[in-house]
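K.L.:
Quick one: structure below, then a few questions.
The values are calculated or read from the model by the stated rules, or taken from the named source; none is laboratory data. The structure presented is a predicted model; accordingly, all values stated were derived computationally and were not measured. For neighbour counting, all protein chains shown are included, and Cβ atoms are generated from backbone atoms with ideal geometry for every residue, glycine included.
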DNA sequence: ATGGTAGAGTGTCTA
């Protein structure tokens, strides 16, 4: 029986779970996180150091792990009906089709999908077209969850608005901001998915990712590309959300910050 | 246009 207790859900592109397992364990304790979706775990399942998280009371599900990406869900409020999606797309051979994954599970009565949307590389690259098709496929799959308490969280590799980019001129010939990518993201909103974090973290100059180069974080030159989208019923339960900017500071940080949303009891 | 940093693993590839 799915409960409707309050749930704190976090998503974080951790950029290697092995190199930052101590930070992950600290994060879930510091913020009392119930469900943590991870992206870019960058390791095979048998390489992941999960004992510490299990000792803290978390169940773990991982998928699609290779040296470049991989996703996971860590939950202490149940981990049921685990499903893996997008482990190979028609028309795209390896390694392109192995690039990205999604993993979903029911945690505390909420269907949670951890997604790593393909990067796309360059607008004229096959990976870019793969990214758009991947988003189309995810959207079609996601529509069946709209009537439930559901969230799609992760690294979307799309900056939906100009204010989500520190300098649009620098992205004139780049992915993440092209009209087709933004339309693909907007299509989720048109379907009824709600960005539950932006109202609590209004821009401009509010980001979730800062490149390691050129002291981008220190100068707050970043992108907002990590999102928590909620179905209408899940979004109605969100009363608080924030970006853990401090996690991005200092030596040994991921290039992304964790994004966290609180759902009250239904 | 290029390069800058970081993580995977030894060759570069990826972001």
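K.L.:
Say we look at segment A:19-38 and pick out the residues that are under 17 Å from the mean Cα position of the chain (by Cα) and more than 16 Å from DNA strand B (Cβ to nearest atom); which of these is surrounded by the most Cβ atoms within 10 Å (Cβ to Cβ)?
P.N.:
Across segment A:19-38, the extreme among qualifying residues is A:37.
K.L.:
Which numbered condition in (1) buried (at least 20 other Cβ atoms within 10 Å of the Cβ); (2) at pLDDT below 95; (3) away from DNA strand B (no atom under 16 Å from the Cβ); (4) farther than 22 Å from residue A:127 by Cα is the only one that residue A:103 fails?
P.N.:
Just one mismatch for residue A:103, condition (4).
K.L.:
Out of segment A:211-222, which residues are away from DNA strand B (no atom under 11 Å from the Cβ), buried (at least 18 other Cβ atoms within 10 Å of the Cβ) and closer than 17 Å to residue A:250 by Cβ?
P.N.:
Scanning segment A:211-222 gives a single hit, A:222.
K.L.:
Taking residue A:22 as meeting all but one of (1) touching a strand residue (DSSP E or B) at 6+ places or on another chain (Cβ under 9 Å); (2) modelled with pLDDT of 95 or more, write down the number of the exception.
P.N.:
(1)
K.L.:
Return a yes/no flag: does segment A:244-262 have any residue that is under 15 Å from the mean Cα position of the chain (by Cα), closer than 18 Å to residue A:119 by Cα and either away from DNA strand B (no atom under 11 Å from the Cβ) or part of a helix (DSSP H, G or I) (or both).
P.N.:
Yes; the residues of segment A:244-262 include at least one that is under 15 Å from the mean Cα position of the chain (by Cα), closer than 18 Å to residue A:119 by Cα and either away from DNA strand B (no atom under 11 Å from the Cβ) or part of a helix (DSSP H, G or I) (or both).
K.L.:
Could you say which residue among A:41, A:65 is within 16 Å of DNA strand B (Cβ to nearest atom), surrounded by 15 or more Cβ atoms within 10 Å (Cβ to Cβ) and at pLDDT below 90?
P.N.:
Selected residue: A:65, the only one of A:41, A:65 that is within 16 Å of DNA strand B (Cβ to nearest atom), surrounded by 15 or more Cβ atoms within 10 Å (Cβ to Cβ) and at pLDDT below 90.
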